[in-house]
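Readers should treat all values here as calculations from the given coordinates under stated rules, not as data from a laboratory. Model, not experiment: these values are computed from the prediction. Don't worry about glycine lacking a Cβ; one is built from the backbone with ideal geometry, like all the others, and counts go over all protein chains shown.
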Amino acid sequence: MKQIIYTLRIFPDENTTDLNELLKRLEENLKSGKIIAHQVTEYFFGMKILLVNVEAPEVDGVSDKIEEEIRKTDGVSEMEIVNVTRRVEVWKEGG
């Protein structure tokens, strides 16, 4: 089955200061996909956000499920999908 990689911006609510703890909660709540990479980065005016890559199967409705699961996570104020792409398999001829 083909896999999709979603790049997401996740904005913490005003009470969330530990983004590593928020990441743990996201990993626990995310049932429709798997976080395969993450980065804490500065946004506007020194605000820190999470950039995450989520891998999920290419099936109807999975992006809506991922969005719902992330938005329901305690400590998340907002999220937005920045990029969606198919996972690329690297292979070598003859091996």
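Once you keep just the Cα pairs under 8 angstrom separated by 6 or more residues, what percentage relative contact order results for region 3-79?
Details: 129 pairs, mean separation 35.5, N = 77.
Relative contact order of region 3-79: 46 percent.
With θ set to phi - 60° and the Karplus curve 6.51 cos²θ - 1.76 cosθ + 1.60, what are the ³J(HN,Hα) couplings of region 27-36 in order, to the nearest whole Hz, using x for Gly and Pro?
Each residue's phi maps through the Karplus curve to give 4, 5, 7, 7, 9, 8, x, 9, 6, 10 Hz.
Which cross-chain or sequence-distant (5 or more) residues have an amide H under 5 Å from the amide H of Ser77, H modelled 1.01 Å from N in plane?
Phe11, Asp13
Count charges around Ser77 for me, please; just the other residues with Cβ under 9 Å from its Cβ, Lys/Arg as +1, Asp/Glu as -1. Show your work: numbers first, answer last.
Working: positive: none; negative: Asp13, Glu14, Glu78.
In short, -3.
Enumerate the amide H contacts of Lys48 below 5 Å, restricted to partners 5 or more residues apart or on another chain; note that Pro and chain-start residues carry no placed amide H.
For Lys48, the qualifying residues are Tyr43.
Going 7 Å from the Cα of Ile36 along its beta-carbon direction, which residues of region 48-79 have the amide nitrogen within less than 13 Å of the resulting point?
What the label zone holds, given the 13 Å backbone N cut-off, is 53-58.
With θ taken as phi - 60° and the coefficients 6.51, -1.76 and 1.60, list the Karplus ³J(HN,Hα) couplings across region 73-80 in order, rounded to whole Hz; mark glycine and proline as x.
Ordered by residue, 3J(HN,Hα) equals 6, 4, x, 9, 8, 8, 8, 9 Hz.
Quick check: pseudo-label points 7 Å beyond the Cα along Cα→Cβ at Glu58 and Thr17, how many nm apart are they?
4.4
Return one number: the angle in degrees, 0 to 90 and rounded to the nearest 10, between the long axis of the Cα atoms of helix 62-71 and the longest principal axis of the Cα atoms of the chain.
20
Per the helix-only calculation at 222 nm, which mean residue ellipticity applies to the chain, given -39500 (n - 2.57) for every DSSP H run of n ≥ 4 and division by its residues, nearest 500 deg cm²/dmol?
Values: 2 runs with 21 residues, N = 95.
About -6500 deg cm²/dmol.
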